[in-house]
Amino acid sequence: MGRCGLVATLLLLATLPAQSAAQPNIVFLMADDLGWTDLACMGSDLHETPNLDRLAAEGVRFTDAYAMSVCSPTRAAILTGKHAARLHYTIWREGSFRPPTDRPLIPPATVGDLPLEERTLAEVLKEAGYLTFHVGKWHVGDAAHSPETQGFDLNIGGTHWGAPNTYFWPFSGAEYYREYRYVPGLGLGQPGQFLTDRLTDQALELMEAAGDRPFFLNLWFHNPHTPIEAKPELVAHYEARLRAGMRHRNAVYAAMIHTLDANVGRILERLDELGAAERTLVLFTSDNGGFVNVSRGRQVADNHPLRSGKGSLYEGGIRVPLIVRWPGVTAPGSICREPVVCMDFFPTFAAAAGQAAPSALDGRSLLPLLRNPRATLDREALFFHYPHYYPTTTPVSAVRAGEWKLLEYHEDGRQELYNLNADPGESANLALALPAKVAQLNSSLRSWKGAVEAQMPQPNPAAANRRAQ
Ligand SMILES: [Ca+2]
């Protein structure tokens, strides 16, 4: 959006009250497909992420933060505070349209557009007096379910698709996904410009234009989702850094993350320049685990020591980086090991804004943990449900309770039990050795699936016939 349109919109909103000391700005930064170990402060041996490392040093870093295993379900869960299984939004938007019919199970038909009836985080914050800005990836609805319909005053870049045709200007085209993709709200550009930079340009403008009114900036980067593309000089930098034995080996992916980090740095720097850092809650996370499949001839991410990646309910698919900085609340350089999940952000932000969150959310406010990282949420368990296929998985549900994790694979009813403290890589299946623990977790998982009315995949008669022949 050009400055004139932006200013006009903000003038229309000028009746809102000025920021009170009790209402921090909320800057929600989310990467796309960024894996658990992809930041230097999370253990990457290749990627350089000085700005996110600094954010962690100034705030609290969570070691056991979870998302759903693919894009849209996490976004829907964040916006509503409800589990994706409860929303029946368990696969990415395009994946919801035509479930496969050639596999042993037929996945359920799911929601592809987040219903307008849902009360969203943006709606709650808007009612609390916030300016609400969405910038970047949306991927939870068509034009009739765009950010503007879900509580956002402004939308730049948010549309139905999940990845740009290309990260280089003009960003649009139909080569990558065989449908024409454009980025709404961005003006003309120059060859060589990178989408992540351009979206941040817009976000900086919005932060400045907000003046002394509290704002909620929902900046959802597409980076580092495929297409794996980066600035040539940064790719050369990381190719020169590669050494034998490194775990992280994709220089293009590393260069993408470099640009992601640099843009987080620009946001933090502008908060400092505006004198707003002290009254701003900044949260950074990813929408699912790192993508471990091959793109353009190379494996993209490597989530070691965690098993597998995006799509899977092994830890590599669902455990993500999470950093929160809220001066005066979070202690610099602190670490929180309590398991938390993306639905927790809604009640957290609502509480920070002094608003009551809707009742019956699946998330919990993280404020007790922000104030004291050794506190506990006293939550029985975290649940996951992905009744679909992905290159990393067949339909599966999972539960994590304390150090224990149970996975249930629906094609054959197979159950796997792991002790995450002793075996974070989920390599030693203890299900046969500990039947009582399996029974206990299985009962908990079954109750939860019933309570949220989780959709289940169904046997595929065609596949059964094929096997019989
Ligand atoms: Ca994603």
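Before moving on, here are some points about what is shown:
- T226 satisfies every condition listed in (1) in contact with a Ser or Thr (Cβ under 7 Å, 6 or more places away or on another chain); (2) buried (at least 23 other Cβ atoms within 10 Å of the Cβ) except (2).
- Of note, A57 does not satisfy the criterion of being under 16 Å from the mean Cα position of the chain (by Cα), assigned by TED's automatic domain parsing to the domain that holds A254 and either modelled with pLDDT of 95 or more or buried (at least 21 other Cβ atoms within 10 Å of the Cβ) (or both).
Residue-wise test of (1) buried (at least 22 other Cβ atoms within 10 Å of the Cβ); (2) modelled with pLDDT under 95; (3) not in a loop (DSSP other than H, G, I, E, B).
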site: F346; (1), (2), (3): yes, no, yes
site: A356; (1), (2), (3): no, yes, no
site: S359; (1), (2), (3): no, yes, no
site: A375; (1), (2), (3): no, no, no
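- The condition (being closer than 30 Å to A351 by Cα, among the acidic types (D, E) and modelled with pLDDT of 95 or more) is satisfied by just one residue among D302, D212, D287, D197: D287.
- Residue under evaluation A381, criteria (1) farther than 21 Å from I335 by Cα; (2) touching a residue at least 12 places away in the same chain (Cβ under 8 Å); (3) surrounded by fewer than 19 Cβ atoms within 10 Å (Cβ to Cβ); (4) not acidic (D, E), criterion not met: (1)
- Within the range 97-110, the only residue that satisfies the criterion of being surrounded by 19 or more Cβ atoms within 10 Å (Cβ to Cβ) and either touching a helix residue (DSSP H, G or I) at 6+ places or on another chain (Cβ under 6 Å) or of a type in the set (D, E) (or both) is T110.
- First in the range 339-363 and under 19 Å from D32 (Cβ atoms), second anywhere and of a type in the set (F, W, Y), Cβ under 6 Å, 6 or more apart: V341/Y66
- Verdict on G425 being farther than 21 Å from G311 by Cα, under 26 Å from the mean Cα position of the chain (by Cα) and not assigned by TED's automatic domain parsing to the domain that holds N303: no
For (1) on the phi < 0 side of the Ramachandran plot; (2) within 16 Å of the ligand (Cβ to nearest atom); (3) among the aliphatic types (A, V, I, L, M), each residue gets a yes or a no:
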position	(1), (2), (3)
I156	yes, no, yes
A174	yes, no, yes
E205	yes, no, no
F216	yes, no, no
N223	yes, yes, no
L260	yes, yes, yes
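- Unique residue being away from the ligand (no atom under 16 Å from the Cβ) and within 30 Å of D45 (Cβ to Cβ) when the list is G354, G333: G333
- Residues of the range 420-433 satisfying the condition of being surrounded by 16 or more Cβ atoms within 10 Å (Cβ to Cβ) and in contact with a strand residue (DSSP E or B) (Cβ under 6 Å, 6 or more places away or on another chain): L420, E426, L430, A431
- Exactly one residue out of M68, M42, M30 is surrounded by fewer than 24 Cβ atoms within 10 Å (Cβ to Cβ), of a type outside the set (S, T, N, Q) and within 15 Å of the ligand (Cβ to nearest atom): that is M30.
- Test: E148 is away from the ligand (no atom under 16 Å from the Cβ), under 30 Å from E229 (Cβ atoms) and at pLDDT 95 or above: yes
- Among residues that are within 22 Å of R61 (Cβ to Cβ), among the basic types (K, R), more than 16 Å from the ligand (Cβ to nearest atom) and touching a helix residue (DSSP H, G or I) at 6+ places or on another chain (Cβ under 8 Å), R266 is included.
- Per this entry, L406 is counted among residues that are assigned to a strand (DSSP E or B) and of a type in the set (A, V, I, L, M, F, W, C).
Residue-wise test of (1) within 16 Å of the ligand (Cβ to nearest atom); (2) under 17 Å from the mean Cα position of the chain (by Cα); (3) touching a residue at least 24 places away in the same chain (Cβ under 8 Å); (4) assigned to a helix (DSSP H, G or I).
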{"position": "T90", "(1), (2), (3), (4)": "yes, yes, yes, no"}
{"position": "L116", "(1), (2), (3), (4)": "no, no, yes, no"}
{"position": "A122", "(1), (2), (3), (4)": "no, yes, yes, yes"}
{"position": "H134", "(1), (2), (3), (4)": "no, yes, yes, no"}
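- Only one of R61, R86, R75, R103 that is more than 16 Å from the ligand (Cβ to nearest atom), part of a helix (DSSP H, G or I) and touching a residue at least 60 places away in the same chain (Cβ under 8 Å): R86
- Of the candidates R213, R270, R266, R243, the single residue that is within 25 Å of N165 (Cα to Cα), in the same structural domain as W169 (by TED's automatic domain parsing) and among the basic types (K, R) is R266.
- The single residue among A433, A375, A357, A352 that is assigned by TED's automatic domain parsing to the domain that holds D287, of a type outside the set (K, R) and more than 22 Å from the chain's Cα centre (by Cα) turns out to be A375.
The values are calculated or read from the model by the stated rules, or taken from the named source; none is laboratory data. Values in this document were obtained by computation on a predicted structure and should not be read as measured data. We place every Cβ from the backbone using ideal geometry, glycine too, and count neighbours over all the protein chains shown.
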